[in-house]
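Single-structure report; data block below.
The values are calculated or read from the model by the stated rules, or taken from the named source; none is laboratory data. Bear in mind the structure is a predicted one, so any value in this text is a computation, not a measurement. Cβ sites come from the backbone with ideal geometry, for glycine too, and all protein chains shown count toward neighbours. SASA here: full protein model, heavy atoms, side chains in, ligands and nucleic acids out. Shrake-Rupley method; radii C 1.70, N 1.55, O 1.52, S 1.80 Å.
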Amino acid sequence: MESPIPEQQTQNRLTEYCRDVRTEALQMDLANAPREKRDSVTMELMKQQMDILPSLPVDAATIRTLLGISETAMIRKDFPYMEQLKEVEKDIAARAPKEFEEKLAEIHSYVYAKDEQQIAGELAGNESVFFKKYDGVAPENILQTILDKYKGKAVLIDMWETWCGPCRAGHKAMAPIKEQMKGQNVQFIYIASPSSPPTTWQRMITDIDGHHYYLTEEQNHYILQHFESSGIPTYAIYDTKGHQTYKSIGFPGNDVIRKELEAASK
């Protein structure tokens, strides 16, 4: 008889779908098979779990399974299904109830741990890119910490994410403004968060002239709250004395941006 508890129903579907490979894994354990063979079956089991996860409801059983896979992927030197894991993690995160927010953040950190280590090493000497360098700053202090670096300059802050089409369109539209204002007392700052996959973010910022910050979800959320914004792109302009002079949710057009920057830089 099927369990009336939704979580148990999900677990039962997982178990049934992976029954053969689970049985094989158990037999290998009982036979004390060589580690390499058992490891191969374990990877096959995780592959099957990832195959079915996108078709399951997001509940405690789904999250528990994904957490176990992501922990293994982080620990293993070479996890063979990393790209599939990233896609599954993205799918689950998009469908998950808010109650799993904390666990999903943990899963995300495991999935991208190796990418982040590599990216941090590659960007260590880049003075215009700040990848997780300010993770220890309290959310309520992060905006001022960033602004303090640019005292005496007009600053445009662009809150964006890699998956945001209007954000990318805004970057392209503003390129002529940045070219026209080169050498002037203006700094363009771009802020993204872990909802942007770090490898995608690293690739995309090479075509966006400015200073780039990859903050924590909490820091990013605080800044958006400070700007009273619930969406992106969000733009804010500060004058040379550090006072906010302009804000827009959505791209307002080059004429407005140019006018506001010119006024803020005087």
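Structure notes:
- Figure legend. Inter-residue proximity from the stretch 103-132: first residues under 15 Å from GLY68 (Cα atoms), second residues among the aliphatic types (A, V, I, L, M) and in a loop (DSSP other than H, G, I, E, B), beta-carbon distance below 8 Å, spacing 6+ or different chains. Indicated pairs: LEU104/ALA96.
- Screening the candidates ILE208, ILE223, ILE237 for the property of being in a loop (DSSP other than H, G, I, E, B) and either of a type outside the set (Gly, Ala, Ser) or more than 23 Å from ARG258 (Cβ to Cβ) (or both) yields one hit, ILE208.
- The selection criterion, being among the polar types (S, T, N, Q) and at pLDDT 95 or above, does not hold for GLN184.
- Residues (among the small types (Gly, Ala, Ser) and assigned to a loop (DSSP other than H, G, I, E, B)) located in the stretch 146-195: GLY152, GLY183, SER193, SER195
- Members of the stretch 77-128 that are aliphatic (A, V, I, L, M), in a loop (DSSP other than H, G, I, E, B) and either crowded, with 18+ Cβ neighbours inside 10 Å or touching a Gly at 6+ places or on another chain (Cβ under 6 Å) (or both): ALA96
- If the condition is being open to solvent by 10 Å² or more (accessible area, probe 1.4 Å) and out of contact with any strand residue (DSSP E or B) (no Cβ under 8 Å at 6 or more places or on another chain), then the stretch 165-180 contributes GLY165, PRO166, ARG168, ALA169, LYS172, ALA173, ALA175, PRO176, GLU179, GLN180.
- Sole residue being of a type in the set (Ser, Thr, Tyr), surrounded by 15 or more Cβ atoms within 10 Å (Cβ to Cβ) and over 18 Å from the mean Cα position of the chain (by Cα), chosen from THR145, THR72: THR72
- Residue satisfying all of: in the stretch 240-266; part of a strand (DSSP E or B) and touching a helix residue (DSSP H, G or I) at 6+ places or on another chain (Cβ under 8 Å); farthest from ILE191 (Cα to Cα) among these: THR245
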